[in-house]
1. Looking at (1) of a type outside the set (Ser, Thr, Tyr); (2) touching a residue at least 40 places away in the same chain (Cβ under 8 Å); (3) in contact with a helix residue (DSSP H, G or I) (Cβ under 7 Å, 6 or more places away or on another chain), which is the one condition that is false for residue 46?
2. Considering 64, 40, which residue is at pLDDT 95 or above, acidic (Asp, Glu) and either in contact with a helix residue (DSSP H, G or I) (Cβ under 9 Å, 6 or more places away or on another chain) or within 26 Å of residue 3 (Cα to Cα) (or both)?
3. All but one of (1) more than 30 Å from residue 17 (Cβ to Cβ); (2) in contact with a Phe, Trp or Tyr (Cβ under 9 Å, 6 or more places away or on another chain); (3) of a type outside the set (Ser, Thr, Tyr) hold for residue 72, so report the exception by its number.
4. Could you list, in sequence order, the residues of segment 22-32 that are part of a helix (DSSP H, G or I) and without any contact (Cβ under 8 Å) to a residue 24 or more places away in the chain?
5. Among what's in segment 35-63 and is of a type in the set (Asp, Glu) and surrounded by 13 or more Cβ atoms within 10 Å (Cβ to Cβ), pick the residue that is nearest to the chain's Cα centre (by Cα).
Amino acid sequence: MSAAVQILEETGSALRVALASQNWEAIGELDQRCRQAVDEAMLDVRDEATLRARMEELLALYRELIDVCQGEQRKLATDLIQLNQSKQGAKVYQMFG
């Protein structure tokens, strides 16, 4: 296994851990590292089967990451809507209270 593929595997594992703990800052940093590792691995293809397997694992991980991010986005949107409704209710209460 080439060093680039090894780095790709290690970065993917770290990204999975960050996703499990929803450490968004680490996910952002690891995403950049993954992109660099993919570029390097594509330039240094020694074992195509291993590279393909790592890329498929990474693709599955990114699909999971997208699902989690979309879920968080929906949750935050709902929270913001409720917050705005509460603010509007408070304004009405202040006007008549």
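The values are calculated or read from the model by the stated rules, or taken from the named source; none is laboratory data. Predicted, not measured: the structure shown is a model, and the values here were computed from it. Every residue, glycine as well, gets a Cβ built from its backbone with ideal geometry; the counts of neighbours run over all protein chains shown.
1. (3)
2. Criteria check complete, one pass: 64.
3. Evaluating residue 72 over (1) more than 30 Å from residue 17 (Cβ to Cβ); (2) in contact with a Phe, Trp or Tyr (Cβ under 9 Å, 6 or more places away or on another chain); (3) of a type outside the set (Ser, Thr, Tyr) leaves (1) as the failure.
4. Selection gives 24, 25, 26, 28, 29, 30, 31, 32.
5. 57
One line per residue, one yes/no per condition, for (1) assigned to a helix (DSSP H, G or I); (2) modelled with pLDDT under 90:
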site	(1), (2)
15	yes, no
19	yes, no
46	no, yes
69	yes, no
78	yes, no
86	yes, yes
93	yes, yes
